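J.: My questions will all concern the structure given below.
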């Protein structure tokens, strides 16, 4: 189950009611901190940038603002969102923002995804999700996150807070303002 939109990465989405014999405040704080430090499977799976060949995991990007956009080459809404993201990223121009377009269509090849990104001048990471990543995302966020036309977006803040998924195409200014708001 995905943590609530404002929960720290890996935080449990349910809380236990206080009861006799419950953990004392210091023990309870340690338990919460321990859950907050746990990562979701989608954060730890190996991903490979289809252009650079770099292998990384979302967890490797801790301390940065990470935007994950599930997409497909054939999705016109995705391309509209990516054009807005391109404008926003250029305006922000920060190494602390990492944008990842994650192709969730199992029929699309990495070479086709690389060509798509190059032809459009998109300069961020493009990754083919793979079955394990798609399953982990669907388990964490529901099946709609694998529906590219709904333009899903998952944000992991520099503090590790998971926001989303959010759905719908946003214009460049809205994307820029949202990202700047998470950078602090």
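J.: Which of the numbered conditions does residue 75 fail, given that it passes all the others? Conditions: (1) more than 17 Å from the chain's Cα centre (by Cα); (2) within 11 Å of residue 128 (Cβ to Cβ).
T.: (2)
J.: Within the range 139-184, can you find the residues that are farther than 23 Å from residue 104 by Cβ and touching a helix residue (DSSP H, G or I) at 6+ places or on another chain (Cβ under 6 Å)?
T.: Result: 171, 172, 176.
J.: Give me a count of the residues in the range 78-102 that are outside any helix (DSSP H, G or I) and either under 16 Å from residue 154 (Cβ atoms) or within 18 Å of the chain's Cα centre (by Cα) (or both). Can you show your working first?
T.: From the range 78-102, those outside any helix (DSSP H, G or I) are 93-102; that's our starting set.
Next, from what is left, pick out any that are either under 16 Å from residue 154 (Cβ atoms) or within 18 Å of the chain's Cα centre (by Cα) (or both): 94-102.
Count: 9.
J.: If we scan the range 166-181, do we find a residue that is assigned to a strand (DSSP E or B) and at negative phi?
T.: Yes, the range 166-181 has at least one match.
Residue-by-condition table, conditions (1) under 19 Å from residue 82 (Cα atoms); (2) buried (at least 18 other Cβ atoms within 10 Å of the Cβ); (3) without any contact (Cβ under 8 Å) to a residue 60 or more places away in the chain:
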site	(1), (2), (3)
123	yes, no, yes
131	no, no, yes
140	no, yes, no
143	no, no, yes
151	yes, yes, no
157	no, yes, no
162	no, yes, no
170	yes, yes, no
179	yes, yes, no
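Each value in this text was obtained by applying a stated rule to the coordinates, not by laboratory testing. Because the structure is predicted, anything quoted here is derived from the model rather than measured. Neighbour counts run over all protein chains shown; Cβ positions are idealised from the backbone, glycine included.
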